[in-house]
1. Using alpha carbons only, how many angstrom separate the centre of the stretch 20-45 from the centre of the stretch 139-156?
2. How high is the relative contact order of the stretch 31-110, in percent, with contacts defined as C-alpha pairs under 8 Å that are six or more residues apart?
3. What ranking of 136, 24, 112 emerges when the number of other C-beta atoms within 10 Å of each C-beta is taken as an exposure proxy, fewest first?
4. At 7 Å along the Cα-to-beta-carbon direction for both residue 52 and residue 95, put a label point, then send me their distance in nm to one decimal.
5. Which residues in the stretch 96-133 have a backbone N closer than 12 Å to a point placed 7 Å from the Cα of residue 37 along the Cα-to-Cβ line?
6. Neighbour counts of other C-beta atoms within 10 Å: give me 115, 1, 53 arranged from fewest to most.
7. Once Lys and Arg get +1 and Asp and Glu get -1 on their Cβ, which of 15, 33, 59 lies farthest toward the positive end of the dipole of the chain?
8. Using only alpha carbon pairs under 8 Å that are at least six residues apart, calculate the relative contact order of the stretch 1-150 and give it in whole percent.
Amino acid sequence: MSLRMKIVLGQAIGFLLAVVLLWVPLSMSPPFVPLNTALIVAFLPGGLVALVMVGVVALRRLFDADVIAGGALRTGSTAEIDQRVLSNTIEQLVVALALWPFAALILGGFVVIWMGVGFAMARLVFWTGYHVSPLVKSIGFAAGFYPTVLATLWTVVKWAM
């Protein structure tokens, strides 16, 4: 299978996981969770994953003589890959910070808590995939990104009605 097909397949699988991630809490009668509590809990898993990523990148820098002396990370090195994953994770957390409060307001706090747990799990899959497989990387990216997209679209439609 070509690299492009692996990425497309991974995106499709990740999209399906995103649909399931949103469908489960919305299909049940979730408990009421106040927005402030929901958002604190929702962002905790992603924040913890980002914290671990920062620590790993820092350790990789610490044990690289060139980098600790102020040099750049070597392109394609494990440390540079981890730095890319961290950067993408921070980008997605910023998008989530901007959009999840709106989703929580309209869809309910329980939904964004599920999204937070799913986001953290997807980021770990993405991180692993970056090191081992384009397919796994693509699944992790899509499973972490599409819930935010779908929840935002769903929220806008529901809010407009």
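Just so you know, all these numbers are worked out from the coordinates, no wet-lab data involved. Computed from a predicted structure; not experimentally measured. All Cβ positions, even for glycine, are placed from backbone atoms using ideal geometry, and neighbour counts span all protein chains on display.
1. Result: 14 Å between the Cα centres.
2. Values: 44 pairs, mean separation 44.6, N = 80.
Reported as a whole number, the value is 56 percent.
3. Values: 136 19, 24 13, 112 30.
The most exposed by this proxy come first: 24, 136, 112.
4. Rounded to a tenth, the inter-label distance reads 2.2 nm.
5. 109-110
6. 1, 53, 115
7. About the Cα centre, the residue reaching furthest to the positive side is 15.
8. The value is 45 percent.
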